[in-house]
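What follows is a single structure, written as structure tokens, with notes after it.
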């Protein structure tokens, strides 16, 4: 299963155009939030990304709400928005939780959640699901420019409990493109350039 993963476009139409081109060589596209900037301009990138023809799984970032993203992607036939919810594509389950976790210092515009709320949204994630989150699990791909850890405790606990094959995230710009292992789980901070991940197809016996 060939995945194209990205995050944090922040209204960058050129980056979105490049992702459309890259999507022609994969099976599924994953967008881990922040299509807009400070709740403005979400359509700038969605209008471009809507040309992607393969199934696409998206979560909101802290730069747009789930309602704003859901409304924007009505023009994108193959996109599914997840937030405390899941879907299945070609036998592979996905689970998504968006927003900034924990609450960011950015103020009222930021679409954020505390750890307790996030834990409830992660609780129903099925075993074997690819986890799509905007915020990284704590102490993985979440180090800011000063080296401070900015990730989520609740997401890390969910990863340690569920052991998903992959966790796709963004949010922390200084770790864009960084990939680490947390137990058996691949943790990828995607970034706007897009990264390819090849995973084994899910086996019927594991479902």
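Worth a mention:
- For segment 39-103: rounded, prolate or oblate by the Cα gyration tensor [a/c cutoff 1.5]: oblate
- In the chain, the DSSP-assigned H stretches of four residues or longer account for a calculated mean residue ellipticity at 222 nm of -6000 deg cm²/dmol, using -39500 (n - 2.57) per stretch and the full residue count as denominator.
- Potential lengthening of the chain between residue 85 and residue 149 amounts to 20.4 nm, from the contour at 0.36 nm per residue minus the alpha-carbon distance.
- Protection-proxy order for peptides 2-8, 123-129, 78-84, 92-98, each taking the mean of Cβ atoms within 10 Å per residue, highest first: 92-98, 2-8, 78-84, 123-129
- Of all DSSP beta bridges in segment 1-155, antiparallel share, percent nearest 5: 30 percent
- Relative counts (whole %) of C-alpha pair distances in segment 2-206, using bins that are 5 Å wide: 1, 8, 18, 23, 22, 15, 9, 2, 0, 0
- Inter-site label distance for residue 25 and residue 173 at 7 Å from Cα along Cβ, in nm: 2.8 nm
- Difference of contour (0.36 nm per residue) and Cα-Cα distance, residue 103 to residue 199: 31.4 nm
No value in this document is a laboratory result; all are computed from the given coordinates. Here the structure is a predicted model, which is why all the values come from computation and not from measurement. Heads up, the Cβs are rebuilt from the backbone with ideal geometry, glycines too, and the neighbour counts pull from every protein chain shown.
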